[in-house]
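Notes follow once the structure below has been shown.
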Amino acid sequence: MRYSYGRALKNWIPIKLQSDHEILCQWLYVGDKKFTDPFFDETISRCRSIPENGHLKKSMSSTDFLSDLVNDMDVIEPTAFIFHISRCGSTLISQMLATQPSNIVLSEVSFFDDLLRFGKKANCLLSILPQIKAAISIYGRKRNAEECRLFIKLDSWHIHFYEELRMIYPNTPFFLLFRNPHEVLLSQQKKRGMQSIPGLIEPEIFGFNLEVLNISDLDKYMSMVLESYLLKFDEVLQNDKNCYALNYHHGAMQMIDTIISKTKIHITRDERNAMEHRILYNAKYPDTIFSEKPSQELVPEYLQKSVALYKRIEKQILSE
């Protein structure tokens, strides 16, 4: 009888790519933990306390092992990918989807980011697409009888990997969440994301040269990042009819309704009620009531091009 690694590793996931001397994947035991946290790093933190992860030695494998493993697994093909420009409701949308036991929702999985950025940096992205697809399949394996759909919320800079992801999943709906870039910038001023700090994400990903590493004005740098996102959104939306723009200002339920419609899924009244209840709470802090104050600040000059792109995309939505 052939040994089934898929069954043996049913409750394990690859969580980190190490590339010091050779490319290796670090694995973590997750048991029966549900993937419902606002960000997947929180799920990893919770799972580290499971006894099976208390060993001094790390569980490692080659990246080729990822492709071998999925042959023995009952995997769910992605229902949709969620792209976003940050601070535009994507975390709330993923949390609303996660209220349904039938949905697996993966929110900003760092291992996917490891693979994509390594492929870009090592100039081998096309050659590791099978491993990227295998990693997504491993995370999206069916772990109980209820699970039948897989939603993947990516990191904001992953829109710049659109072509590669579309090559892997040519028929999967892509949803592009966006918001007035001035509001995004104001939110970033309160708490900066990785993409807003020069050098934390490789500048080549945004199409920047190395000179941007000398920029000291974080707001101006973030405006460049937002412009790169919206330029790519605009390009993709004009050329891919299976991509759908969702504006934060249209409201969370309208965004969810579009996702439900385009993915052709059905939800019950109770499921809808659960989603509507989740809207009342902060997306990132589920125990905190959500509140937001509109800003009266003027839009800075360096953000004008991003605002124009935002209006252009919004106009395109309204004309459809």
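The values are calculated or read from the model by the stated rules, or taken from the named source; none is laboratory data. None of these values were measured; they are calculated from a predicted model. Note that we place each Cβ from the backbone using ideal geometry, even for glycine, and neighbour counts take in every protein chain shown.
Pairs are defined by a Cβ separation below 7 Å, a sequence spacing of at least 6 or placement on different chains, a first member in region 262-274 that is within 18 Å of LEU150 (Cα to Cα), and a second member that is among the charged types (D, E, K, R) and surrounded by 15 or more Cβ atoms within 10 Å (Cβ to Cβ); the pairs so defined are ILE265/ARG149.
May I ask you to say which residue of PHE161, PHE151, PHE174, PHE178 is aromatic (Phe, Trp, Tyr) and either on the phi > 0 side of the Ramachandran plot or without any contact (Cβ under 8 Å) to a residue 60 or more places away in the chain (or both)?
Step by step, each of PHE161, PHE151, PHE174, PHE178 is checked, and only PHE161 is aromatic (Phe, Trp, Tyr) and either on the phi > 0 side of the Ramachandran plot or without any contact (Cβ under 8 Å) to a residue 60 or more places away in the chain (or both).
When we screen SER137, SER156, SER216, SER196 for residues that are small (Gly, Ala, Ser) and over 23 Å from LEU106 (Cα atoms), the only hit is SER216.
Only a single criterion out of (1) buried (at least 18 other Cβ atoms within 10 Å of the Cβ); (2) closer than 17 Å to PHE151 by Cα is not satisfied by ILE85, namely (2). Residues in region 52-67 that are outside any loop (DSSP other than H, G, I, E, B) and over 30 Å from ALA283 (Cα atoms): GLU52, SER59, MET60, SER61, SER62, ASP64, PHE65, LEU66, SER67.
What residue, of LEU230, LEU150, LEU237, LEU213, is farther than 30 Å from LEU9 by Cα and touching a Ser or Thr at 6+ places or on another chain (Cβ under 6 Å)? Walk me through it before giving the result.
Numbers: LEU150 fails: farther than 30 Å from LEU9 by Cα; LEU237 fails: touching a Ser or Thr at 6+ places or on another chain (Cβ under 6 Å); LEU213 fails: touching a Ser or Thr at 6+ places or on another chain (Cβ under 6 Å).
Matching residue, one of LEU230, LEU150, LEU237, LEU213: LEU230.
Scanning region 146-172 for residues that are surrounded by fewer than 17 Cβ atoms within 10 Å (Cβ to Cβ) and part of a helix (DSSP H, G or I) yields GLU163, MET167, ILE168.
Conditions tested, residue by residue: (1) assigned to a loop (DSSP other than H, G, I, E, B); (2) crowded, with 20+ Cβ neighbours inside 10 Å; (3) without any contact (Cβ under 8 Å) to a residue 24 or more places away in the chain.
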| site | (1), (2), (3) |
| --- | --- |
| GLY31 | yes, no, yes |
| SER49 | yes, no, yes |
| LEU69 | no, yes, no |
| ASP72 | yes, no, no |
| THR91 | no, yes, no |
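Look at PHE175 and say whether it is in a loop (DSSP other than H, G, I, E, B), in contact with a Ser or Thr (Cβ under 9 Å, 6 or more places away or on another chain) and modelled with pLDDT of 95 or more. The answer is no for PHE175.
Looking across GLU227, GLU202, one residue alone is in contact (Cβ under 8 Å) with a residue 40 or more places away in the chain, surrounded by 13 or more Cβ atoms within 10 Å (Cβ to Cβ) and within 19 Å of GLU108 (Cα to Cα). It is GLU202.
Of the residues SER67, SER110, which single one is out of contact with any strand residue (DSSP E or B) (no Cβ under 6 Å at 6 or more places or on another chain) and either hydrophobic (A, V, I, L, M, F, W, C) or at pLDDT below 95 (or both)?
SER67
Of all residues in region 114-132, those being under 16 Å from the mean Cα position of the chain (by Cα) and either surrounded by fewer than 19 Cβ atoms within 10 Å (Cβ to Cβ) or in contact (Cβ under 8 Å) with a residue 60 or more places away in the chain (or both) number 3. Of all residues in region 281-319, which are hydrophobic (A, V, I, L, M, F, W, C) and either surrounded by fewer than 10 Cβ atoms within 10 Å (Cβ to Cβ) or modelled with pLDDT of 95 or more (or both)? Listed by number, the residues that qualify are ILE289, LEU298, LEU303, VAL307, ALA308, LEU309, ILE313, LEU318.
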